[in-house]
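Here's the structure, in structure tokens; my notes come after.
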Amino acid sequence: MTVPDEHLHLRLRAHARGLHNSTAAVELLIAHRCWLHRADFRDQFLFTGTDFDTAEVTTCIDWPRSVMALNRGRLPCSGSEARMLRIAASIGEGVPVDLREALTELDTVNTALIANAVTRATGH
């Protein structure tokens with residue numbers, strides 16, 4: 001059973017709460033409207049759990065494994081989709097990214113999403 005997007009977004013935000021970089025990466029993926037809509041991404045790289053103390057349900061993204069799958073050709077996508085995932089993973093968990101390569105040929109919408117994510121990651 002697939003979780004409706006609004007619930008997934010809330011769970012991702014709950015897991016990232018209080019961490020600027022994690023929040024920025026999650027918000028970038030939500031705003032990009034690609035990866036979180038893909039069953040192959042959701043099934044392999046999103047993990048949901050319940051906090052024992054608060055009973056809050058949260059979802060995290062396995063950033064390193066998702067980029068590893070991308071690099072190995074197991075997540076076919078467009079060049080800009082790959083760039084957005086790599087940048088989000090770098091912001092969210094420090095997965096190395098070549099910014100020169102990652103920023104090449106992005107359209108104005110994706111460039112603005114990344115600028116917003118960088119601003120959010122710095123706590124602004």
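The values are calculated or read from the model by the stated rules, or taken from the named source; none is laboratory data. This structure is a prediction, so every number in the text was calculated from the model and none was measured. Here Cβ is always computed from backbone atoms with ideal geometry, including for glycine, and neighbour counts include all displayed protein chains.
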Of the residues in segment 17-74, those that are surrounded by fewer than 17 Cβ atoms within 10 Å (Cβ to Cβ), of a type in the set (Ser, Thr, Tyr) and in contact with a Ser or Thr (Cβ under 6 Å, 6 or more places away or on another chain) come to THR48
Return the only residue of ALA31, ALA88, ALA25 being touching a residue at least 60 places away in the same chain (Cβ under 8 Å) and touching a Gly at 6+ places or on another chain (Cβ under 9 Å).
-> ALA25
Specify the residue that is farthest from LEU10 (Cα to Cα); the eligible residues are those in segment 42-71 that are under 14 Å from the mean Cα position of the chain (by Cα) and not in a helix (DSSP H, G or I).
-> ASP62
Could you tell me which residue of segment 95-118 is farthest from LEU19 (Cα to Cα), considering only residues that are in a loop (DSSP other than H, G, I, E, B) and either polar (S, T, N, Q) or in contact (Cβ under 8 Å) with a residue 12 or more places away in the chain (or both)?
-> GLU105
For segment 19-35, state whether one or more residues are modelled with pLDDT of 95 or more, assigned to a loop (DSSP other than H, G, I, E, B) and over 13 Å from the mean Cα position of the chain (by Cα).
-> yes
All conditions in (1) assigned to a helix (DSSP H, G or I); (2) of a type outside the set (A, V, I, L, M, F, W, C); (3) in contact with a His (Cβ under 6 Å, 6 or more places away or on another chain) are true of GLY123 except (1)
Out of the residues in segment 99-124 that are of a type in the set (D, E, K, R) and surrounded by 11 or more Cβ atoms within 10 Å (Cβ to Cβ), which is nearest to the chain's Cα centre (by Cα)?
-> ARG120
